[in-house]
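The values are calculated or read from the model by the stated rules, or taken from the named source; none is laboratory data. This one's a predicted model, so the numbers in the text were calculated from it and none came from an experiment. In this analysis, Cβ positions are derived from the backbone assuming ideal geometry, glycine residues included, and neighbour counts consider all displayed protein chains. Note: accessible area is taken over every heavy atom of the protein model, side chains too, but ligands, DNA and RNA are not part of it. Shrake-Rupley method; radii C 1.70, N 1.55, O 1.52, S 1.80 Å.
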Amino acid sequence: MFDMLIDGGAAGGESRIPVISPVTEQVVAEVPDASAADVDRAVAAARRAWAGWRYSAYPQRRDVLVAMSRVVAENAAELAALLVMETGRPIAVAQFEVGLALQFLDYYAAQQIGPEVLIDDDARRVELRRLPLGVVAAIVPWNAPLYLAVNKIAPALMAGNTVVVKSAPSTPLTTARFGALVADLVPAGVLNILSGGNATGVHLVGHTDVAKIAFTGSSQTGRQIMAAAAPTLKRLTLELGGNDAAIVLPDADPAAIAPALFGFAFFNSGQVCAVIKRLYVHDSLYDAVCEAMAAIAGAVTLGDGGDPALQLGPVQNKAQFDKVQAFLADARVHGRIIAGGNVPDRPGYFIEPTIVRDITDGTMLVDEEPFGPVLPIIRYSDVDEVVARANRSPYGLGASVWSSDVEAATRVAGLIESGTVWVNQHCALDPAVPFPATKQSGIGAEGGREGLYAYTAVQTVNISKGQ
């Protein structure tokens, strides 16, 4: 039985919704479909709890996060198994997600916020303080449900806020279990976890007692959340869509980098906002990189995530499965598929890892985000030109540059308009390193001290020392 967490206790809700396995297309569990009344109750509980939590001392907040980390570590195997059940991903990827959640809990447990003295002279003392905002609505997507909940919960609680989490309707199980595991570790109302459909999320983000929305998801939904936040000027952190470009410079070694390029493009079957979505390769290396990538794709095994030999799982849900197939159809028209491109005749939302060459900017697969196991490889001849092409995208989440000359790659990286640019790696997440978004990829940053400050309001206290 999977329930919600409201005001410190389990809540079943008035109705329940099914959770579908992307491997079998069968119902594997049911969760509550939170009503407007459930949302109101959770927000009210969080608001009440904030009256005390906002004044809690650092040791109390630290101890709560440390206890959360401990219980997640103790139940890591169960949480990873639930991730496999609801996402279909390989067990190794599920274990990686649990580990990443632990890293974020541990990092933020060690962070403190204290006053910063700006001026202290004979006339005055001026302090900059960072105060908690209030109730935070954390809206979590389906592609990494545990990690993307924790990377909002941890900094929000450490900054003195209370939280209401809304899980994605297709992947609510791991988040619900996390709530049950930590329920007795957190003061009642400080953390609440809801499940439900889109109506639940709409009511939560529009609630007048919510002070901030932290959302990870599509740019389209991000725009809707901005509109919902406008009447009360809610604070926002939005980590939205990405169409990350990777640029391979002419001095790179195709054989050496191909496994990493493939891994960073097809991690979690391409269902990560910041994996490689567009691979630009110099003329001189183009054929060699295409051949190497196709060979790797052709050797990949698909199947049930519980199989340790599995390398890639399915697309997580039917709507995304249909969307990715539309990208495949477009790729057949505008490019040449050299690996994959097929939908296996079996249950589940499986699509073979697909490599597309001889495709150009201006096509659906290059200009938009497929969020699935399909990668276009695009030819270029001039470095300045390819940087301009990479920057032409409305997205600006991540990018990478690949070269045998790290200094040259770093210079090119500095020209790319993106929140993060990696050199000879991609999607290297670290809780101590901010992960900012630019352009239509979002607002603000998660991770690092900047991610903690995003859950605070700045206040200056200006004290006169005169009579």
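Data for the structure
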quantity: Accessible surface of the stretch 313-467, 1.4 Å probe, proportion on carbon and sulfur as whole %; calculated: 50
quantity: Virtual spin-label span in nm between residue 230 and residue 14, 7 Å along Cα→Cβ; calculated: 3.0
quantity: Cα gyration tensor, the stretch 157-270 - rounded (a/c under 1.5), prolate or oblate; calculated: prolate
quantity: Under Karplus coefficients 6.51, -1.76 and 1.60, residue-wise ³J(HN,Hα) of the stretch 25-31 in Hz, glycine/proline x; calculated: 6, 10, 6, 10, 6, 10, 10
quantity: Coordinate range along principal axes, alpha carbons of the stretch 224-319, Å, largest first; calculated: 54, 38, 19
quantity: Accessible area (Å², per residue) of the stretch 1-64, counting only protein heavy atoms and a probe of 1.4 Å; calculated: 49
quantity: Size of charge dipole - the stretch 1-131 - debye, nearest 20, with Cβ of Lys, Arg +1 and Asp, Glu -1, no other charges; calculated: 420
quantity: For residue 400, residues with placed amide H under 5 Å, excluding near neighbours; calculated: 245, 246, 247, 422
quantity: 0 to 90° range, to nearest 10: angle between helix 76-87 axis and the chain longest Cα axis; calculated: 60
quantity: In Å², nearest 10: area of residue 61 left accessible to a 1.4 Å probe; calculated: 30
quantity: Highest-first arrangement of 263-273, 108-118, 19-29, 352-362, where packing means the average Cβ count within 10 Å; calculated: 263-273, 352-362, 19-29, 108-118
quantity: For the stretch 336-352, 3J(HN,Hα) per residue [Karplus equation, 6.51 cos²θ - 1.76 cosθ + 1.60, θ = phi - 60°, Hz, x = Gly/Pro]; calculated: 10, 7, 10, 7, x, x, 10, 10, x, 7, 7, x, x, 9, 8, 9, 4
quantity: Whole-angstrom gap from the stretch 215-256 to the stretch 327-369, using each part's C-alpha centre; calculated: 22
quantity: Given 277/439; 166/439; 166/277, the pairs whose alpha carbons are separated by over 23 Å; calculated: 166/439; 166/277
quantity: Long-range HN-HN contacts of residue 191 with modeled amide H, under 5 Å; calculated: 163
quantity: Degrees between helix 58-74 axis and first principal axis of the chain (Cα, 0 to 90, nearest 10); calculated: 40
quantity: Stretch gain in nm, segment residue 55-residue 284, where the contour uses 0.36 nm per residue and the Cα spacing is subtracted; calculated: 76.3 nm
quantity: Pairwise centroid distance, computed over Cα atoms, of the stretch 282-302 with the stretch 118-156, Å; calculated: 43
quantity: Pair residue 218, residue 128: separation of 7 Å Cα→Cβ label points (nm); calculated: 3.8
quantity: 10 Å-binned pair-distance histogram of the stretch 103-204 (Cα, whole percent); calculated: 14, 40, 25, 11, 7, 2, 0
quantity: Positive dipole terminus of the stretch 312-439, leading residue within 390, 328, 350 (C-beta point charges); calculated: 350
quantity: Nitroxide proxy distance, nm - points 7 Å out along Cα→Cβ at residue 106 and residue 255; calculated: 3.8
quantity: Helix 145-158 axis, angle to the chain major axis (alpha carbon atoms, nearest 10°); calculated: 30
quantity: Solvent-accessible area of residue 346 with every protein chain in place, 1.4 Å probe, in Å² to the nearest 10; calculated: 100
quantity: Theoretical ellipticity at 222 nm over the chain - DSSP helices of four or more residues, -39500 (n - 2.57) apiece, nearest 500; calculated: -12000 deg cm²/dmol
quantity: Estimated D of the stretch 1-97 in µm² per second, where Rh is the Kirkwood radius over Cα pairs and Stokes-Einstein applies at 10 °C, 1.306 mPa s; calculated: 99
quantity: 5 angstrom amide H check on residue 374, placed H, neighbours 5+ away; calculated: 354
quantity: With every protein chain in place, the stretch 182-295: carbon and sulfur % of accessible area (1.4 Å); calculated: 61
quantity: P(r) of the stretch 208-247 over all Cα-Cα pairs, binned every 5 Å from zero, in whole percent; calculated: 6, 24, 27, 18, 11, 6, 4, 3, 1, 0
quantity: Surface per residue (accessible, 1.4 Å probe) for the stretch 152-248, Å²; calculated: 28
quantity: Phi-based couplings in Hz for the stretch 323-330 (Karplus 6.51, -1.76, 1.60; Gly and Pro marked x); calculated: 5, 5, 5, 5, 5, 4, 4, 5
quantity: Average accessible area per residue (Å²) across the stretch 358-467 - probe 1.4 Å, nucleic acids and ligands excluded; calculated: 44
quantity: Tensor-based shape of the chain (alpha-carbon gyration tensor, a/c under 1.5 rounded, otherwise prolate or oblate); calculated: oblate
